[in-house]
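Here the structure is laid out as structure tokens; the discussion comes afterwards.
The values are calculated or read from the model by the stated rules, or taken from the named source; none is laboratory data. Being a predicted model, the structure only gives us computed values, none of them experimental. No Cβ is skipped: glycine too gets one built from the backbone with ideal geometry, and neighbour counts run over all protein chains shown. Heads up: the accessible areas ignore ligands, DNA and RNA and are worked out on the full protein's heavy atoms, side chains in. Shrake-Rupley method; radii C 1.70, N 1.55, O 1.52, S 1.80 Å.
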Amino acid sequence: MYRTNTCGELRLSDAGKEVTLAGWVQRVRKMGGMTFVDLRDRYGITQLVFNEAQDAALCERANKLGREWCVQVKGTVSERQSKNPKMPTGDIELLASELNVLSESQTPPFTIEDNTDGGDELRMKYRYLDLRRSCVRKNLELRHKMTILIRNFLDSRDFIEVETPILIGSTPEGARDFVVPSRMNPGQFYALPQSPQTLKQLLMVSGFDRYFQIAKCFRDEDLRADRQPEFTQIDCEMSFADQEDVLQIFEDMARYLFKEIRGVDLPAKLQQMTWHEAMRRFGSDKPDLRFGMEFVELMDVLKGTGTFPVFNEAAYIGAICVPGCANYTRKQLDQLTDFVKRPQVGAKGLVYVKFNEDGTVKSSIDKFYEPEIWAKVKEAMGANDGDLVLMLSGDNANKTRTQLCTLRLEMGDRLGLRDKNRFECLWIVDFPLFEWSDEEQRLMATHHPFTLPNPDDIPLLDTAPEKVRAVAYDFVCNGVEVGGGSLRIHDGKLQEKMFEILGFTPERAMAQFGFLINAFKYGAPPHAGLAFGLDRFVSIMAGLDSIRDCIAFPKNNSGRDVMLDAPSELDVKQLEELQIRLDLNQENA
């Protein structure tokens, strides 16, 4: 037995006990004839004491210990003279009588502490060391606890966990697939699933009326803070369920998780907001409701009422009111102007109006408008003396709203209004069924081709498909889309109509999705589903800005695993076995 106890469990009630601990050396401190060692394992830290007066040889061995050496120590639990109330084990220490070095360590490339000196890339390269840090370890412990709670909750609601295959056929509609060559079928490829979507629908046809899976999914997309090329979904599907059935169950699950994990009580009924309303009020289909600054459209107030050509030619003029910020300096306002002009935002400029505490008004476009116009702006915005109004305009309303949304979130960050310990959740409903792709020059499915059109809008499929609403819903928390789903098409004819609108020939539709269309011929039940992003859900619960620190071995922003040095080139022999020949031009070689 390497240990009788962990480094996080001993308390004052254990004083006098002979115990054995094992773990890693956090730090060594020599003070006169005493050497103190902090020993760490997954469960915590215990202070070890080596007394030169009692055993000089043992103390000398302790002095030679280095950071991250793996050791075993035997000794007696004793009350600590200088207690540390910040540590659960801070009332005790271990008077060491025996020390065994299990494994020496080179000096780590960064300090294994919460406030480390290692940058992101360095910590990702040595992720196995980074995982020793308590702040990272706690995120994975939280993830573990959440998956246990989720499984227990769904089991209590009669959901059955079914594993679906990882090697499937490619369905290039939507995000890019990761493909896997088949050695036994030369020239043919599997794809890694972007989600188990069609497979869980087939389970509904099979009579498994409530399915779930903690599913690994893969998408070859550009990365950002809340995306990884491989991620985990809490994937669910229900037969004989309408939208309210789905929303109620997964509201209950979210309510249960927030209570168990964070001790937070969500409202008895979450707000529902249509997609159009969310875009109009916040410029986003995942609005952050932790603070105000809702959009106000000022077309009636400002277009054609002055001589400012930018507003007079605009298709949309929108603004936010920032409380108490009329005292912003010219430098601060210039910084905001530079911010909205960044390529990531894309605005051409920013207009401000200061409603000063003394009742005076100052705007960046004063000369173009009479004073009575600013009075109308103040009324429309619901502004008070001391407030700052920020305006954007453009020739595309939704594009300008998106820019204004980015500005709103930036102001929320600058003013400290996005409290990570406050949670505002809602459902976004009534999404458009289709969206126009400039790249493809055609309509694309907003979610996926299997989403049920709103029954009231089905006649528009032939005349104005861009106006058709989907029976779809997203669960949003603190400005993050945590999950989403929809009612599914279960009628083969309607599914074929969807493929037709999306530009599929009947032959292509059958080649890619014939298995699903054929399954619908055998008594397919009405069904609906939803998938939560487990990584995103955990990161919100943990108060993280990125999902990377709640994933054991994440990729970097280039999609690389710098620890494993993956992706990497294949050996020539492997390529020959797969009958693959690379033909890269010199520029890309």
Note to self: I need every pair where a residue in region 462-488 that is more than 12 Å from I428 (Cα to Cα) and among the polar types (S, T, N, Q) has its Cβ under 7 Å from the Cβ of a residue that is open to solvent by less than 30 Å² (accessible area, probe 1.4 Å) and part of a loop (DSSP other than H, G, I, E, B), sequence separation at least 6 or different chains.
What the structure shows: N478/D288; N478/R290; N478/F423
Next item on the list: State whether one or more residues within region 562-584 are open to solvent by 80 Å² or more (accessible area, probe 1.4 Å) and touching a Pro at 6+ places or on another chain (Cβ under 6 Å).
Entry: yes
Notebook entry, point to check: Pairs, please: C-beta under 6 Å, at least 6 apart or cross-chain, first residue closer than 17 Å to R290 by Cα and in region 260-274, second among the aliphatic types (A, V, I, L, M) and surrounded by 15 or more Cβ atoms within 10 Å (Cβ to Cβ)?
Noted result: L270/L426; Q271/L426; Q272/V429; M273/L426; M273/I428
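Here is a yes/no grid of residues against (1) open to solvent by 20 Å² or more (accessible area, probe 1.4 Å); (2) of a type in the set (S, T, N, Q):
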| position | (1), (2) |
| --- | --- |
| T4 | yes, yes |
| V49 | no, no |
| E52 | yes, no |
| D55 | yes, no |
Note to self: Contact list please: Cβ distance under 8 Å, first residue in region 430-450 and within 20 Å of S284 (Cα to Cα) and assigned to a strand (DSSP E or B), second residue open to solvent by less than 20 Å² (accessible area, probe 1.4 Å) and β-branched (V, I, T), pairs at least six apart or on different chains.
What the structure shows: P432/V468; F434/V468; A445/T451
Check: Name the residues in region 75-113 that are open to solvent by 80 Å² or more (accessible area, probe 1.4 Å) and either outside any loop (DSSP other than H, G, I, E, B) or not small (G, A, S) (or both), would you?
Finding: E79, Q81, K83, P85, K86, P88, E104, Q106, T107
Notebook entry, point to check: Of all residues in region 347-361, how many are in contact (Cβ under 8 Å) with a residue 24 or more places away in the chain and either open to solvent by 50 Å² or more (accessible area, probe 1.4 Å) or over 15 Å from V310 (Cβ atoms) (or both)?
Noted result: 7
Check: Using beta carbons and a limit of 8 Å, which pairs, at least six apart or on different chains, have the first residue in region 534-556 and over 15 Å from I150 (Cβ atoms) and modelled with pLDDT of 95 or more and the second one of a type in the set (A, V, I, L, M, F, W, C) and open to solvent by less than 20 Å² (accessible area, probe 1.4 Å)?
Finding: S539/I547; S539/C550; A542/C550
Notebook entry, point to check: Counting only residues that are at pLDDT 95 or above and of a type in the set (S, T, N, Q), which one in region 424-465 is nearest to M498 (Cα to Cα)?
Noted result: T451
Note to self: Please go through region 56-71 and give me each residue that is free of Cβ contacts under 8 Å to residues at least 60 places away in the same chain and within 40 Å of the chain's Cα centre (by Cα), ordered by number.
What the structure shows: G66, R67, W69, C70, V71
Item checked: Residue count for region 162-198, restricted to those that are closer than 25 Å to F499 by Cα, part of a loop (DSSP other than H, G, I, E, B) and open to solvent by less than 40 Å² (accessible area, probe 1.4 Å) -> 9
Check: Taking region 1-55, which residues are in contact with a helix residue (DSSP H, G or I) (Cβ under 7 Å, 6 or more places away or on another chain), assigned to a loop (DSSP other than H, G, I, E, B) and free of Cβ contacts under 8 Å to residues at least 60 places away in the same chain?
Finding: E52
Item checked: Per-region count, region 6-32, residues open to solvent by 50 Å² or more (accessible area, probe 1.4 Å) and either of a type outside the set (A, V, I, L, M) or over 25 Å from P108 (Cβ atoms) (or both) -> 13
Notebook entry, point to check: Are any of the residues in region 201-213 in contact with a Gly (Cβ under 9 Å, 6 or more places away or on another chain), without any contact (Cβ under 8 Å) to a residue 24 or more places away in the chain and either open to solvent by 40 Å² or more (accessible area, probe 1.4 Å) or small (G, A, S) (or both)?
Noted result: no
Notebook entry, point to check: Looking at R422, R330, which is the one that is under 30 Å from M541 (Cα atoms) and either open to solvent by 20 Å² or more (accessible area, probe 1.4 Å) or of a type outside the set (D, E) (or both)?
Noted result: R422
